[in-house]
Amino acid sequence: MSVKKLVRLIKAASLAPSAHNSQPWLFIALQNSRERVIHAMLEAWRKAMLEDERPIELIQSTIAKFERRFERAPVVLLCCVDHSALYYDRYKDEQRKKLEGVLGHHSVAAAIQNILLAAAFMGLGACWYSAPLFCQKAIRDALALGDKIEPVALLTLGYPLKQPKRKKLKPLKAIFKIL
Ligand SMILES: Cc1cc2nc3c(=O)[nH]c(=O)nc-3n(C[C@H](O)[C@H](O)[C@H](O)COP(=O)(O)O)c2cc1C
């Protein structure tokens, strides 16, 4: 996948709405760091599954499956909340400071959705992985990100090998009400 296409995706992300127009996002294409980051993430995941007493075969097959996916994807994009862009100082109370962080997550999710929509429009395939949320320290350490940058998602991007199956959707009446 060309750098030009990747830049188009990041431009789409940058158009997303964000709380107070804070644009609290950072996207890192894992190139030279990919092996290091994926290794750190999968080791943290393996440790967590061992602590959860998951069967060893399941742990091994899960790690192998995701290692393959993350190694082979043409692009792996780490999506982060940049807390330095948020307005924590505006609020005196802890509750609203906490909500400011939630707004940061909402904003990054909106930007990620823009990437997914742009990717589909460009004929690319993409998948959103939330694994970084569960091993933030491992990723922060691997990339020396500092404490203001919070890794929250990984996107794999490339060309789809096949059309995905249509998913079963909830009926509209279950998700929409006029009251
Ligand atoms: C917040 C969020 C987290 C997700 N995390 C994962 C994940 O960790 N692993 C994964 O395989 N898919 C993950 N997905 C993808 C969903 O499983 C997928 O969107 C859902 O099954 C619907 O399929 P579709 O997007 O192909 O329509 C995530 C999606 C979202 C929105």
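Results, tabulated for the structure shown:
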read-out	value
Counted residues, segment 79-106 - those being touching a strand residue (DSSP E or B) at 6+ places or on another chain (Cβ under 9 Å), assigned to a helix (DSSP H, G or I) and within 14 Å of the ligand (Cβ to nearest atom)	1
Subset tally (residues that are loosely packed, with under 14 Cβ neighbours inside 10 Å, closer than 20 Å to ALA40 by Cα and either near the ligand (Cβ under 10 Å from one of its atoms) or within 16 Å of the chain's Cα centre (by Cα) (or both)) for segment 128-164	3
Among (1) touching a Ser or Thr at 6+ places or on another chain (Cβ under 9 Å); (2) surrounded by fewer than 13 Cβ atoms within 10 Å (Cβ to Cβ), the one test that GLY104 misses	(2)
Residue pairs meeting the criteria (Cβ under 6 Å; at least 6 apart or on separate chains; first more than 11 Å from ALA119 (Cβ to Cβ) and touching a residue at least 60 places away in the same chain (Cβ under 8 Å), in segment 1-18; second part of a helix (DSSP H, G or I) and small (Gly, Ala, Ser))	ALA16/ALA110; ALA16/ALA111; PRO17/ALA110; SER18/SER107
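FYI, it's all coordinate maths here, none of it is from the lab. What you see is a predicted model; the values in this text were computed from it and never measured. Backbone-built Cβ (ideal geometry, glycine too); neighbour counts: all protein chains shown.
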